[in-house]
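The values are calculated or read from the model by the stated rules, or taken from the named source; none is laboratory data. A quick note: this is a predicted structure, and the numbers were derived from the prediction, not measured. Cβ: placed from backbone, ideal geometry, glycine included. Neighbour counts: every protein chain shown. Only protein heavy atoms, including side chains, enter the accessible area calculation; ligands, DNA and RNA are left aside. Shrake-Rupley method; radii C 1.70, N 1.55, O 1.52, S 1.80 Å.
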Amino acid sequence: MLRNREIARFSAGVLAISAAAVAAAYCFVGDAAAACVAATVILLTCVFAVFTHARYQELSLLSSKIDAILNGDRNLSFEGMQEGELSILANELDKMVSRLYLTTDQLERESASLADSLADISHQLKTPMTSMSIMCELMKTRVRESSNIDEDDARYLLGKLRSVQLLQERVRWLVSVLLKLARIDAGVVKLATQQVDAAVVVKEAAESLAIPFDLANVELVLNLEDGSSYIGDAAWSREAILNVMKNCMEHAGEGGCVEVSVSHDALACRICIQDTGPGISPEDLPHVFERFYRGEDSGEATATDSSGVGIGLSLAQSLVSAQGGAIKASNARDRDGAVLGARFDIVFFSVTV
């Protein structure tokens, strides 16, 4: 209460006025009048201090209850606040908190329902897609073994069947990523909090992309520092790194290179992924992690470009952020400022700064 500047100024004013009143009574009336004025002032000051202290106690109680609500406590009631305007304020806060809880519960139910719906759709799509894949393989075998089709027609049909299979794989990948994003948005993804070896996670992601890198004729270079680790979830970290590596592979171009480096210092574990592609334009740079964003120069999505709708990097950012990390996109440059390619820096902090 004494730290309140308004109360301090008010008390100083009352003290000054009281001193002046006591002095005036002493000069114009006498000792008895001055003593009477002084006693009255002291009594009124004590009454004011008692009521002010009680008021501050009520405000402190209200503040502590609000703080408990902000920390997730829902079993609170302001019914004990009986004093005038504070009681009205407490009742209004109670209504507001109840309304916010109802809205939060409704949003959580909707998010969970969306995640469940996408999961159901994903499972329903798996059966027809598997059947389509099997039928494509049967058709390819039939075309190869048929003697009534000339070589050019057979080559044409096999190429079309291969395109259909690539499109199937693209749809499967898109459904999988959308399902993961929905689960993250709904808050149903349970992330582990354990010691993660960053080098091992990067190696596992690289192994998953070994065949796509070979088919794309893109070189993958790993510079891994032993002992680099952080607290997080290894499986979801691998998923995030895999999506960034895949994006870099698709933009490095045939004959290009993707370099992944892992390092560790006193502040954080750092993972840098860099390609030798054209880089990211200044207009697109602020939006690369936005869901479904595609740059103006990205061209039309192809059968092999499963990131063409712009969700791979969004998923990576969501997974990294969910583990308390950060991801940043930029362009790697040489000493003269020329763009060497796109660069993504993933940081998992070791300490709280």
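Observations
- Linear extension gain, Ala49 paired with Asp153, 0.36 nm per residue minus alpha-carbon span: 27.5 nm
- Of the peptides 234-241, 106-113, the order by per-residue mean of other Cβ atoms within 10 Å, starting with the highest, comes out as 234-241, 106-113.
- Counting 0.36 nm for each residue step from Leu167 to Ala23 and taking away their Cα separation leaves a gain of 42.2 nm.
- Exposure of Tyr101 as accessible area (Å², to 10), given a probe of 1.4 Å and all protein chains: 50
- Assuming charge only on the beta carbon of Lys and Arg (+1) and of Asp and Glu (-1), the dipole of the range 181-247 about its Cα centre is about 280 debye to the nearest 20.
- For the set Phe349, Phe28, Phe213, Phe48, solvent exposure ranked by accessible area (probe 1.4 Å, protein chains only) runs largest to smallest as Phe28, Phe349, Phe48, Phe213.
- Per-pair calculated FRET efficiency, R0 = 41 Å: Leu114 and Cys272 via Cβ, rounded to 0.05: 0.75
- Modelled FRET efficiency - R0 51 Å, Leu70 with Glu145, Cβ distances, 0.05 increments: 0.15
- The calculated FRET efficiency for Val221 paired with Ser321, based on their beta-carbon distance and R0 = 30 Å, is about 0.65.
- Computed over protein heavy atoms with a 1.4 Å probe, the carbon and sulfur contribution to the accessible area of the range 146-283 reaches 52%.
- Estimated at 0.36 nm per residue, the fully extended path between Asp31 and Val14 surpasses their Cα-Cα distance by 4.0 nm.
- Where the range 155-202 is the region considered: accessible area per residue in Å², 1.4 Å probe: 55
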